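The values are calculated or read from the model by the stated rules, or taken from the named source; none is laboratory data. Predicted model, so just to flag it, every value in this text is computed and none were measured. Every residue, glycine among them, receives a Cβ derived from its backbone with ideal geometry; neighbour counts consider all protein chains shown. Heads up: the accessible areas ignore ligands, DNA and RNA and are worked out on the full protein's heavy atoms, side chains in. Shrake-Rupley method; radii C 1.70, N 1.55, O 1.52, S 1.80 Å.
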Amino acid sequence: MTKTNSGRFFEDYSHGEVIHHAVPRTLSGGERAFYHALYPARHAMASSDEFAKSCGLGAAPLDDLIVFHTVFGKTVPDISLNAVANLGYAEGRFLHPVHPGDTLRARSQVIGLKQNSNGRTGVVWVRTTGTNQHGTEVLEYIRWVMVRKRDAGASAPREMLPDLQRALRPDQLRVPAGLDFTAYDFTQAGEPHRLRDYRIGEKIDHVDGVTVEDAEHMLATRLWQNTAKVHFDATNREDGKRLIYGGHVISMARSLSFNGLANAQLIAGINSGAHANPCFAGDTIRAWSEVLDAAETAAPGVGAIRLRLVACKDGADAFSLRDAEGRYAPGVLLDLDYWALMPV
Amino acid sequence: MTKTNSGRFFEDYSHGEVIHHAVPRTLSGGERAFYHALYPARHAMASSDEFAKSCGLGAAPLDDLIVFHTVFGKTVPDISLNAVANLGYAEGRFLHPVHPGDTLRARSQVIGLKQNSNGRTGVVWVRTTGTNQHGTEVLEYIRWVMVRKRDAGASAPREMLPDLQRALRPDQLRVPAGLDFTAYDFTQAGEPHRLRDYRIGEKIDHVDGVTVEDAEHMLATRLWQNTAKVHFDATNREDGKRLIYGGHVISMARSLSFNGLANAQLIAGINSGAHANPCFAGDTIRAWSEVLDAAETAAPGVGAIRLRLVACKDGADAFSLRDAEGRYAPGVLLDLDYWALMPV
Amino acid sequence: MTKTNSGRFFEDYSHGEVIHHAVPRTLSGGERAFYHALYPARHAMASSDEFAKSCGLGAAPLDDLIVFHTVFGKTVPDISLNAVANLGYAEGRFLHPVHPGDTLRARSQVIGLKQNSNGRTGVVWVRTTGTNQHGTEVLEYIRWVMVRKRDAGASAPREMLPDLQRALRPDQLRVPAGLDFTAYDFTQAGEPHRLRDYRIGEKIDHVDGVTVEDAEHMLATRLWQNTAKVHFDATNREDGKRLIYGGHVISMARSLSFNGLANAQLIAGINSGAHANPCFAGDTIRAWSEVLDAAETAAPGVGAIRLRLVACKDGADAFSLRDAEGRYAPGVLLDLDYWALMPV
């Protein structure tokens, strides 16, 4: 009996199946320190217990993307070990704050299957849910990947395509219990801009760039117990390069966006996301944002801002996204559409 | 009076002497986060408080090798600053779990001395013991190193060779108090294989490889307060390379072995260990294991598995260990013989 | 309205003005673990709760330079984003220990302004104060930087030069409440030398060298939420190099000084500091110290030692500092004059 995990192939998934992912994880201040060392993360809510308390929370939650990466990492051995491509995200919602001391686990339900016409691959849609030690759901998101078939001759499963929302409605966003921005300290947060200072269609160049190193993205990726070999093994690709985990680019871009969006404190929803081009060590990552929408929430002083966050690398102009044929420009790394909570 | 530590030379050790090593260290969730960032460590017991509780422990212990490296690091200024070679380990036993908040210190007793025939070096055997803030012993192991003499003309000490066990007997292993694998959750642990699923002589290729970077191994080595200059100073060797701390290879290999040995949760004993060849940045580390023995313990549901863990680098075939003359094959980095605790 | 911070220019500062810097920060054991991984830090007081308790403190404080870097990092967006040069430090005092769980914030008062004769830049002196969540001051220091003018034609402010002490008097140093070195454990601290074993004028070569990597200094600099682009963006300089944050060199040199100054446990004051030459990845940092002064304090068994700490890189001889014209020798990176607390 072989003991190692060779991952699932397309024909191993069945519609409606629930997969419980391995290795629960207790997070601590150590993961927070790492997040601040790996990314220029400065949002006050996740940086300071005092600031979080002044906004109605008991203590600073861990950065939302720590939660995302931790949950995502658990799914890799079951979902994307034999993935050819990570195709997209939808309907991501942050449901409950996570604090140091919490233990996260993850499960995924197969919600869509479609064999590709070549017969050798197929697309799998899963809805992944992260829960804490009390069974409270902290995160859910839909992700779809293209997965190889073990046997090209295997019969195709019945095609089931999920019905995905293009973007979450504001009323679908979950605001953390107690969150209150009426006494928000803009000086300590770092910028004076509140929701009403942003106009839909406004674009912001986040100015700074970070040149990334192999040691850094490997530390990051392992921290989330994501062990996909393409990120770690320089002998895996013919060019000797290690592909940087897409989540590393998401966190880098989100952190860079502090400069101009310092008050977009918490990520509430992920509407869609695409990793447009691969990123490698030596690339200098920059970011820009576009304001897509704005809304109120029921929480005092708390608004929601919908943003397109684009990460690009050397040679890409700020604000360029797609070419004339609608393809992503070569320097674009990430196109992420998300909702964040911000003082109104 | 010179203020800096030039380390001990062979003639500075005397049989039976006890050396108290400097700098006690309080460990926290920070060291755990680092361990997970530096290595693809995923064993559930050291990852999740909830999983550890379900196995009868109060909370997740720190990875056993955090304890080993922390204790080992303290010994470096007294034992191996002038070492020519780190020759071996024996009779290593993990005696008590270590948790965040615990403070470790270390002492070593000289248990063997043998001058080499060249008169310029000698071998020193020490039994090192790590204790926590309550004085409870958490780890002990024997290590022997070849050390330079300060003065080749100094007279040789009386030769004393310790009587070393080739391997610990299962009844010598210490199982943490309360450990109970009868309700073990194989799904959350990541693999279904229990002790009875492994056969003696079975070999497992752990599949994944990790290409190592200078920044990473220096972070790791400093984290254990091991400051041997050969790991940090690129001007120290003629080839400008920094030698990677052998413990970094041990942790990398042990973590890679999760894939196939996910249920070998806790290291209980180290029977022997050899650093067969040096490792440098740019090497891609892989690992394979061989099942050497299996035994029961008195704890409910807890068995012991004896494993040979071999780390190798680029160009070495899985399962190749020695050449026809009995020498380690060129790509072999580590040959470690240890006992781990696993559900029966 | 532009949303991003373009930093302050010389004409934006006014004498006496108080600037409250953004993003309070809660520190944890994670930051301590990082400090130990980034630097060969081994001073027992900041390493072990038990050691700190034996010296009259409730638990191990975070390394003093963690506090310095955290406070310093907050000032960067307001003080040095448009700085041409970081000119010096003076009158730095550590006022209260900082422990895991504490939240730091920072403010600066403008205490000096002087336009340069070229009309394009000016010098700004600020006194920066760090406070914890109780409003207790934990650190203060004066720093001066050369800042660009936005508009060379803007009129010069009234010149105000602060009156700086060349060095703090021993009676100005704040000894942490309760500190008592009468039961100090020299064995656990790592060296036998007490204050009376050092003579004024004594120089100590700290022996070890560390070759620095881009990944490491970026992790360090981000950890303190210092986001000055010159440290991160390889496209920012014509030579493609990333300038290493001066504080990284301070911490590396201070940590290397353990070897010879293991008992200089806590930094009490910073008299002056200059970053003599830039440091880049690949440089091997070494350090030497000169004993400048010694004094008693009112705390039992606690003395103060005044030290010059010099960091240098490859090619610089130990103990060489300035050339015949009084300029820093090319390999000198740092010249820091500070007071530390040591058993008498």
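Observations on the model:
- Here B:Val207 meets the list (1) within 20 Å of the chain's Cα centre (by Cα); (2) surrounded by fewer than 21 Cβ atoms within 10 Å (Cβ to Cβ); (3) not in a helix (DSSP H, G or I) almost entirely, failing just condition (1).
- The number of residues in region A:170-194 that are open to solvent by 40 Å² or more (accessible area, probe 1.4 Å), among the hydroxyl-bearing types (Ser, Thr, Tyr) and touching a residue at least 24 places away in the same chain (Cβ under 8 Å) comes to 1.
- Where B:Pro162 falls short, out of the listed (1) surrounded by 15 or more Cβ atoms within 10 Å (Cβ to Cβ); (2) touching a residue at least 60 places away in the same chain (Cβ under 8 Å); (3) closer than 24 Å to B:Gly273 by Cβ: (2)
- Strands (runs of 3 or more DSSP E) wholly inside region B:243-344 containing at least 1 residues that are surrounded by fewer than 23 Cβ atoms within 10 Å (Cβ to Cβ), over 14 Å from the mean Cα position of the chain (by Cα) and within 14 Å of chain A (Cβ to nearest Cβ): B:284-296
- Residue that is nearest to the other protein chains (Cβ to nearest Cβ) [pool: residues in region C:189-199 that are over 26 Å from B:His231 (Cα atoms) and assigned to a helix (DSSP H, G or I)]: C:Asp197
- Residue count, region A:222-242 (criterion: in a loop (DSSP other than H, G, I, E, B) and under 25 Å from A:Gly30 (Cα atoms)): 6
- Every residue from region A:1-25 that is among the acidic types (Asp, Glu) and either facing chain B (nearest Cβ under 7 Å) or in contact with a Phe, Trp or Tyr (Cβ under 6 Å, 6 or more places away or on another chain) (or both): none
- Scanning region A:200-217 for residues that are closer than 24 Å to A:Val67 by Cβ and more than 7 Å from every other protein chain (Cβ to nearest Cβ) returns A:Val212, A:His217.
- The residue of region C:137-158 that is least open to solvent (accessible area, probe 1.4 Å), among those that are of a type in the set (Asp, Glu) and modelled with pLDDT of 95 or more, is C:Glu140.
- Residue, farthest from the other protein chains (Cβ to nearest Cβ), within region C:75-115, restricted to residues that are within 21 Å of A:Glu50 (Cα to Cα) and of a type in the set (Lys, Arg): C:Arg107
- Within region B:26-72, the set of residues being under 18 Å from A:Lys74 (Cα atoms), free of Cβ contacts under 8 Å to residues at least 24 places away in the same chain and within 12 Å of chain C (Cβ to nearest Cβ) comprises B:Ala33, B:His36, B:Ala37.
- Residue in region B:228-241 that is more than 10 Å from chain A (Cβ to nearest Cβ), buried (at least 24 other Cβ atoms within 10 Å of the Cβ) and not charged (D, E, K, R) present: yes
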